[in-house]
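Structure first, commentary second.
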Amino acid sequence: MTVRKLISRQALAMGTSVTIQIVTAQSEILASQKIDRVLALFHHMEAVCSRFDEDSELSRLCRQTGVPVQVSDILFELVRFALELSSLTNGMFDPTVGSRMASLGFKSHYLTGATMTNELAYDQNATYQNILLDERTRSIELTKPLLLDLGAIAKGFAIDLAAKELQGFEGYLVEAGGDLYAGGSNEEDEPWQVGIQHPQYSDQIIGTVRLSHAAICTSGGYERRHAKLADQHHLIVPQTGHSPNELLSCTAIAPHAMLADAFSTAAFILGPKAGYRLLHDNGLEGLFILPGLQLQSTPQFHLA
């Protein structure tokens, strides 16, 4: 009988805790080497997308206005996806919210403490429509001074790249800050069991789901509260800068982590009714937790 082993490692990357788990009967050395490559992917994504690092590719792009800037394939694809979702939600999801977030005081990474040092004068009226893409030259032009924030999709994209790297193993799970992709099966040769955090008690879960070859991500206002404003958190309506409070959290299940990450954020901002339609119309499953802890879900979202 072949013995399947669970090999696990945890590290800090992209400003959050990243956990890699591999279930395999193959060599532990091979698994360890793959984990090294996966963690390198996360560090590379941070070098591309961090708005807290003035040397990141994203920060360098945001210092150039009115001119096309040739960018890496990763940054181009992330921005293109963000614009597609912005258009789909009529701007309720908008990657140009970085300057509003900074003006509200969200200038320091909530885990690492890294602080933005870029003090450029950004146009508070800039929107996703002020971002122009040129597919031929793989360039991005910002037509107004703006600060991009790709936090709602970059982590998910990194998880997807990691999952692709681990496809040869019998089972694997990639988690970054509570967002994850579960591939294959766990050490008992069953679908992975994943807990959904209770929005009011950080040490508790409100339920679990079984996953295999799928991603799950949760967005909630409880993650990063404003230090002084009770109703303000890091998820904001782009047009006003105010935080929606119709939901405590929104969880989305999707074939890829970038989809789950982005759509859980967008659905949270839209609220329970419009958010439900967004997930349902795009073939995704989701769970909405309302302020009274009432649970609403799409038809195929089942808590174990």
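The residues of the stretch 21-39 that are closer than 26 Å to Asp179 by Cβ, more than 22 Å from the chain's Cα centre (by Cα) and not in a helix (DSSP H, G or I), listed by number, are Val23, Thr24. Against the numbered list (1) free of Cβ contacts under 8 Å to residues at least 12 places away in the same chain; (2) open to solvent by 70 Å² or more (accessible area, probe 1.4 Å), Pro68 comes up short only at (1). The set of residues in the stretch 121-153 being part of a strand (DSSP E or B) and either surrounded by fewer than 19 Cβ atoms within 10 Å (Cβ to Cβ) or among the acidic types (Asp, Glu) (or both) consists of Leu132, Leu133, Asp134, Ser139, Glu141. Of all residues in the stretch 255-279, those that are in contact (Cβ under 8 Å) with a residue 60 or more places away in the chain have Cβ atoms under 7 Å from Cβ atoms of residues that are surrounded by 24 or more Cβ atoms within 10 Å (Cβ to Cβ) and polar (S, T, N, Q), 6 or more apart or on another chain, in Thr265/Ser219.
Scanning the stretch 1-32 for residues that are open to solvent by less than 70 Å² (accessible area, probe 1.4 Å), in contact (Cβ under 8 Å) with a residue 40 or more places away in the chain and under 17 Å from Leu166 (Cα atoms) yields a count of 10.
Tell me, please, whether a residue that is small (Gly, Ala, Ser), at pLDDT 95 or above, assigned to a helix (DSSP H, G or I) and touching a Pro at 6+ places or on another chain (Cβ under 8 Å) can be found in the stretch 83-97. So far as the stretch 83-97 goes, yes, one or more of its residues are small (Gly, Ala, Ser), at pLDDT 95 or above, assigned to a helix (DSSP H, G or I) and touching a Pro at 6+ places or on another chain (Cβ under 8 Å). None of Gly178, Gly184, Gly156 is open to solvent by 20 Å² or more (accessible area, probe 1.4 Å), of a type in the set (Gly, Ala, Ser) and in contact (Cβ under 8 Å) with a residue 24 or more places away in the chain except Gly178.
The values are calculated or read from the model by the stated rules, or taken from the named source; none is laboratory data. Note that the coordinates shown come from a computational prediction; the quantities given were computed from them, not determined experimentally. Note: ideal-geometry Cβ built from the backbone for every residue, glycine included; neighbour counts use all protein chains shown. Remember, those area values only see protein heavy atoms, side chains included, never the ligands or the DNA or RNA. Shrake-Rupley method; radii C 1.70, N 1.55, O 1.52, S 1.80 Å.
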